[in-house]
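All remarks here apply to the structure that follows.
The values are calculated or read from the model by the stated rules, or taken from the named source; none is laboratory data. These numbers come from a predicted model, not from an experiment. Note that each Cβ is placed from the backbone with ideal geometry, even for glycine, and that neighbours are counted across all protein chains shown.
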Amino acid sequence: MTLIKSISGIRGTIGGTQGDNLTPIDAVKYAAAYGAWVKLQREKDNHKVVVGRDARISGNMMQQLVMNTLVGMGIHVIDLDLSTTPTVEMAVTMEQADGGIILTASHNPKQWNALKLLNKDGEFLNAAEGQKILDLAENGNLNFSEVDDLGKITKNQAYIDLHIDEILNLPLVNVEAIKEAKFKVVVDAVNSTGGIAVPELLERLGVHPVKLFCDPTGEFPHNPEPLKEHLGDLMKMVVDENADFGIVVDPDVDRLAFVDEKGEMFGEEYTLVAVADYVLQNNKGNTVSNMSSSRALRDITEKHGGTYTASAVGEVNVVVKMKETNAVIGGEGNGGIIYPELHYGRDSLVGIALFLSHLADLRMSVSALRKTYTSYFMSKKKIQLTPQLDVDALLKAMEEKYASDLGASEASEKVQSINTIDGVKIDFAENWVHLRKSNTEPIIRIYTEAKSQSEADDLADRIIEEIKTIANI
């Protein structure tokens, strides 16, 4: 059992011992620290925080603990109840609230839950803000309100509808073309809140949804991470129903993947690629994804005359880089779409609407669309190191080893660029490798990408051997 306290939120398994797991006492402790942080940001009366949750079994308990802790600090709460992460993010700004909390452990199994924390812009906290909350939880003199100054809870379950309203009003969401196409789509929402939001979005777009695991009970019928090995039922149903394609979202609806009409995976990395292709056709500009995402986004960006930039891993880092580069679309290769014309957060609902607009515009099948993009293959491995080894020094040594080949025409494998904003990423002409250290254990993660699976695996294995040689292990 686990409790992970990090700058990006509080995540853990339900039950067990206080401080080692996500118990009610831990939920109150960190909700109170967040409430104290909120009050420090703005000197005013009537602070307000939006709270929502995915459908996991512990969600209602956790939400009641969190909301009533905030009430005890004199903070008013807008209770969205069952919702999605992007809906809560949008509700923060629409309510002009001081922050937001989503009770969700994203793609983690049902025994997990978490407090995801938002600022007044409906965006995830940066490192300094997250650290301040951790400090307040451990060392802060938390001050609760007297009886006449308690906050109030106001329930508002309209925000999924309002979220969809905003999506349908986007200029690039071609509602009429989608309706004319008469799509039929299977939806796997892993029995969480995507089962509420995705079918409603599709129906309002004139799409016929076939529901699979759309009852928001929190009893996940399969591992909730939207990977091929977990989606056999969806892949079969798309074919059985003669559907145009299938949609799968994770429990809090910020990761999106597609299955084509043949029951084959479109590729989670290619969710962002396809949506970016459509956006860039209609709105020239720049893109951003994290350093461990596919090169295919760079290819499609340059095809449309834009500039691609890689950020450090993590949604908050992608958002910062998107703002710096004025990117028109961005996200993460795990199926996270960030469309700033709507808001700066990963949002499966806007991703679905833009993807449908793309298909309706092209009038081609999902499998045919996938063939228009260069195929890349990834390998994700790790190397276990002894605690005594200096991981930073190893990464520096790898950087220096390949820096000598940078731009050298005689190099057997020409190095195009080296990026050290998050570990070491080495771009070669035909492939790349990204090395990152774990923050919690002596591990180096090795991500590679190439134009075949064997090439990606071979590159990863070669890098592992080079690291072992340098480390003398």
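Please determine, by comparing only the residues of the range 440-464 that are buried (at least 17 other Cβ atoms within 10 Å of the Cβ) and among the aliphatic types (A, V, I, L, M), which one is nearest to S294 (Cα to Cα). By that ranking, first place goes to A450.
Report, by residue number, each residue of the range 228-262 that is part of a helix (DSSP H, G or I) and either hydrophobic (A, V, I, L, M, F, W, C) or touching a Lys or Arg at 6+ places or on another chain (Cβ under 8 Å) (or both). Outline the logic, then answer.
First, pick out the residues of the range 228-262 that are part of a helix (DSSP H, G or I): 228-230, 232-240.
Within the range 228-262, L234, M235, M237, V238, V239 meet the criteria.
For the range 226-245, filtered to residues that are at pLDDT below 95 and closer than 27 Å to S357 by Cβ, the residue that is surrounded by the fewest Cβ atoms within 10 Å (Cβ to Cβ) is K228. Hey, could you check the range 162-188 for residues that are acidic (D, E) and part of a helix (DSSP H, G or I) and say which is farthest from the chain's Cα centre (by Cα)? The selected residue is E180. Being out of contact with any Lys or Arg (no Cβ under 8 Å at 6 or more places or on another chain), touching a residue at least 40 places away in the same chain (Cβ under 8 Å), of a type outside the set (A, V, I, L, M) and on the phi < 0 side of the Ramachandran plot is a property that K401 has. Within the set T84, T69, T104, T93, the sole residue that is in contact with a strand residue (DSSP E or B) (Cβ under 7 Å, 6 or more places away or on another chain) and among the polar types (S, T, N, Q) turns out to be T104.
Within the range 282-303, which residues are part of a helix (DSSP H, G or I) and either touching a residue at least 40 places away in the same chain (Cβ under 8 Å) or aromatic (F, W, Y) (or both)?
Going through the range 282-303, the residues part of a helix (DSSP H, G or I) turn out to be 282, 296-303.
Matches in the range 282-303: N282, A296, D299, I300.
Taking (1) part of a loop (DSSP other than H, G, I, E, B); (2) in the same structural domain as A91 (by TED's automatic domain parsing); (3) surrounded by 14 or more Cβ atoms within 10 Å (Cβ to Cβ) in turn, N141 satisfies each apart from (3).
Collect the residues in the range 59-105 that are part of a helix (DSSP H, G or I), among the small types (G, A, S) and either closer than 17 Å to H47 by Cβ or at pLDDT below 95 (or both), keeping them in residue-number order. Reasoning before the result, please.
To start, the set of residues in the range 59-105 that are part of a helix (DSSP H, G or I) comprises 59-72, 85-94.
Narrowing further to those that are among the small types (G, A, S): 59, 72, 91.
Those that are part of a helix (DSSP H, G or I), among the small types (G, A, S) and either closer than 17 Å to H47 by Cβ or at pLDDT below 95 (or both): G72, A91.
Would you say M364 is hydrophobic (A, V, I, L, M, F, W, C) and in a loop (DSSP other than H, G, I, E, B)? Taking the combined requirement at face value, the residue satisfies it. The residue that is modelled with the lowest pLDDT, among those in the range 418-464 that are of a type in the set (S, T, Y) and under 20 Å from A393 (Cα atoms), is T440. Going residue by residue through the range 361-379, is there one that turns out to be over 19 Å from N290 (Cβ atoms), crowded, with 17+ Cβ neighbours inside 10 Å, at pLDDT below 95 and in contact with a strand residue (DSSP E or B) (Cβ under 8 Å, 6 or more places away or on another chain)? So far as the range 361-379 goes, no, none of its residues is over 19 Å from N290 (Cβ atoms), crowded, with 17+ Cβ neighbours inside 10 Å, at pLDDT below 95 and in contact with a strand residue (DSSP E or B) (Cβ under 8 Å, 6 or more places away or on another chain).
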